[in-house]
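Structure first, commentary second.
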Amino acid sequence: MGRGYRDLVAWQKAMELVTEIYTATRCFPSDERFGLTSQMRRAAVSIPSNIAEGHGRQSQGEFRQFVGNARGSLTELETHIQIALNLQLLEAPVAEPLLAQASEVGRILNGLLTSLRS
């Protein structure tokens, strides 16, 4: 844990995902501002935030717990993206790359969790 959290690929990729989610949700109708738009943005922001907060904790066990929280927020976000697709708030050409990006973040988080367990 000697490196800073900004050096973690998981945090970097999660930050990129936040940007993409904010961009994608800009086109949502204004009546979704406090609904799905807010939920998607909050879940996305939670991913790198949990990685950063966990990295700042005293133990690997605590870091592992926060990375687990980040993974939970990621699966929540993936569900929101699918709902937005189902409701036709997002078109498939926008939703599918977001889901692929989320999947990549998930693989990286799983790798980070594995390395923290060893």
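The values are calculated or read from the model by the stated rules, or taken from the named source; none is laboratory data. Predicted model only: the values in this text are computed from it and were never measured. Neighbour counts run over all protein chains shown; Cβ positions are idealised from the backbone, glycine included. Each accessible area value is taken on the protein alone, full model and side chains, heavy atoms only, with ligands, DNA and RNA left out. Shrake-Rupley method; radii C 1.70, N 1.55, O 1.52, S 1.80 Å.
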**Message:** With of a type in the set (Gly, Ala, Ser), in contact with an Asp or Glu (Cβ under 9 Å, 6 or more places away or on another chain) and more than 14 Å from ILE21 (Cβ to Cβ) as the only criterion, which of GLY61, GLY35, GLY106 stands out?
**Reply:** GLY106
**Item:** Pairs where the first residue, in segment 19-39, is within 19 Å of SER49 (Cα to Cα) and of a type outside the set (Asp, Glu) and the second is assigned to a helix (DSSP H, G or I) and open to solvent by less than 30 Å² (accessible area, probe 1.4 Å), C-beta under 6 Å, 6+ apart
**Value:** ILE21/MET40; ILE21/ALA44; THR37/THR25; GLN39/HIS80
**Prompt:** Counting just the residues of segment 71-115 that are among the hydrophobic types (A, V, I, L, M, F, W, C), touching a residue at least 12 places away in the same chain (Cβ under 8 Å) and open to solvent by 50 Å² or more (accessible area, probe 1.4 Å), which one comes out farthest from PRO48 (Cα to Cα)?
**Reply:** LEU87
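Being under 11 Å from the mean Cα position of the chain (by Cα), modelled with pLDDT of 95 or more, of a type outside the set (Phe, Trp, Tyr) and at negative phi is the requirement here; does LEU85 meet it? Step through it out loud before you land on a result.
Working: under 11 Å from the mean Cα position of the chain (by Cα): no; modelled with pLDDT of 95 or more: yes; of a type outside the set (Phe, Trp, Tyr): yes; at negative phi: yes.
For LEU85, the condition - under 11 Å from the mean Cα position of the chain (by Cα), modelled with pLDDT of 95 or more, of a type outside the set (Phe, Trp, Tyr) and at negative phi - is not met.
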**Item:** Single unsatisfied condition, GLU62 versus (1) out of contact with any Gly (no Cβ under 7 Å at 6 or more places or on another chain); (2) open to solvent by 40 Å² or more (accessible area, probe 1.4 Å)
**Value:** (1)
**Prompt:** Regarding ARG57, is this residue more than 13 Å from the chain's Cα centre (by Cα), of a type outside the set (Ser, Thr, Tyr), closer than 21 Å to GLY4 by Cβ and open to solvent by 80 Å² or more (accessible area, probe 1.4 Å)?
**Reply:** yes
**Selection from segment 7-37 of residues that are exposed (fewer than 14 other Cβ atoms within 10 Å of the Cβ) and polar (S, T, N, Q)** = THR19, THR23, SER30
**Fill in**
Scanning segment 89-118 for residues that are modelled with pLDDT under 95 and not hydroxyl-bearing (Ser, Thr, Tyr), the one farthest from ALA44 (Cα to Cα) turns out to be ARG117
